[in-house]
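See below for the structure under consideration.
No value in this document is a laboratory result; all are computed from the given coordinates. No experiment lies behind these values; they were computed from the predicted model shown. Cβ placement follows ideal geometry from the backbone for every residue including glycine, while neighbour counts extend to all protein chains displayed.
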Amino acid sequence: MGSGRVRVPEALAGSGGERPLPTFDVPYFKYIDEEDEEDEWSSRSQSSTEDDSGDSLLSDRYVVVSGTPEKILEHLLSDLHLEAAQDKETETLLDDFLLTYTVFMTTDDLCQALLRQYPFINHQGKENDSDVSCRKRKVLHLVSQWTSLYKDWLHEDEHLKQFLKTIYRNVLDDVYEYPILEKDLKEFQKILGVHRRHTVDEYSPHRKNKTFFHQFSLKENWLQRRGTMNETEEIFCRVYITEHSYVSVKAQVSTSALDILKIVAEKIQYVEEELVLVTVTFSGEKHELQPNDLAISKSLESSSRMFVYRKDLTDSLHPFGENEELQQRSVRILGINTWDLALELTNFDWSLFNAIHEQELIYFTFSRQGSTENTENLSLLLQRCNEVQLWVATEILLCSQLCKRVQLVKKFIKIAAHCKAQRNLNSFFAIVMGLNTASVSRLSQTWEKIPGKFRKLFAELESLTDPSLNHKAYRDAFKKMKSPKIPFMPLLLKDVTFIHEGNKTFLDNLVNFEKLHMIADTVRSLRHCRNNQLGNEVPSKEHHELKPYVHHLHVIDNQQALFELSQRIEPRV
């Protein structure tokens, strides 16, 4: 909301055009309150200057800074244009409102407010028929934009289901008297998945019957689409090898223990038949999972951990000792093409990033309980970023041979450079931070043997992660990158949180809509990043180990354990 010259709307200028139209060098805003006093204006500054230029009188718009939810909605509906394209201010206001309404009202509140804005059929002639139909269409247009923006985000919300049924029946009631609503009705039929098309004559009050409405109620495909979503939902499942190391497995919640075990056995290079999955509660109770058991449960993480144990000929279970499973471990990453590995990292990150709904950033910022509800996809990408950082440190510190460790560091520097070239700043940051972990950066013998050109390249990559001047280096570089691109998500969340914590959500019991506009503007940056879809580029050489290697990372998640490994391979002099 930068400064600009805004003139008072003509509707507020008084009758006969006698009231002058002042212009201002500072932003003036309309506050919408309960009384809706036409002359109540407020600005951040009292200074103003006269300007006779014609440009300053071109706009008769003003920006909503604060107001009650109902009044903001009224203002938004009054500004909507049905036939012509929306002007930029109205389009932005509509998007701001739909993105952030959950901050100041529930979905049920919005549904009820929209129903109050939808006028009933005018039988008393108090309003012009064209005005009534126009208001109806504006409400329907807003609902259409809402469902389009949220897609399947609200499919499980019971209030929205009931609201859509109600508003659809209202349109069915009205379309005979207002034929112009037929286009909007067809749009709703697409939204709800109602396949039958009707003519206007069929909406005649004389043709209505119970069968017609029963037919509608049976075909609400949109409202039922997510009935089995829980089975296909994907999460990162941690299968612990030892107390401090685990394999991260991205799998559906319906995945069996056998499928999880296959992935882990391949990852730690162990015979599958000699392993078994065991859940261990925090009180020490153990439960062996059978091959066909569902391995993943959302309640598992809060009450227990999943371990992989060895079993001997007598079927006795034995846990792995710390780092025991890694003694004969080969450094497989050195045999994988660096560009291909970076490309697989980018493809994997893109699948996570592209699944994030803009609303998840709002919920993540405003949720006070730290709950991951409604932020599942965002949480996956954040967890992935953390695991890539740990993976880099784990791979280097588990390599006891100095010459191979030097090769590993060089490899990761090249992977980071490729991730930057592929515009994947999330993995880029994670890899650079992994190389800068205290347990890795202290390996003086290793770093001394890194060639000068690699150290110079790493210094250049490090400069992009420099936090000074509010990460100016990163922001400037990222801004120049064309889409599609993957941002460093923790920094984007920091920006949203900074706006939230630095500004009150309510001012004098009115919604501080200026704050919500700033948050919505930041969240909208996701759209620019996803303007184009990432190309389906595949690794140049087919490598059967590449995808499982990248998708299921083996990490040590304990900093103390990592530091002990570091001191073991390069003792303190």
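Determine the relative contact order of the range 385-517: mean sequence separation of Cα pairs under 8 Å and six or more apart, normalised by residue count, in whole percent.
Taking the mean separation of contacting Cα pairs over the length of the range 385-517, I get 24 percent.
Report the calculated FRET efficiency for E570 and K88 (r = Cβ-Cβ distance, R0 = 60 Å), to the nearest 0.05.
So the FRET efficiency works out to roughly 0.55.
Could you tell me which of V496, T522, V555 has its Cα farthest along the dipole of the range 455-560 towards the positive end, charges placed at Cβ (Lys, Arg +1; Asp, Glu -1), taken about the Cα centre?
T522
Taking Cα pairs under 8 Å and at least six residues apart, what relative contact order does the range 332-412 come out at, in percent?
32 percent
Could you work out the local net charge near M518, counting Lys and Arg as +1, Asp and Glu as -1, over the other residues with Cβ closer than 12 Å to its Cβ?
-2
From the cross-link list K414/K479; K138/K494; K410/K482; K311/K404, which pairs have alpha carbons spaced over 25 Å apart?
Beyond 25 Å between Cα atoms: K138/K494; K410/K482; K311/K404.
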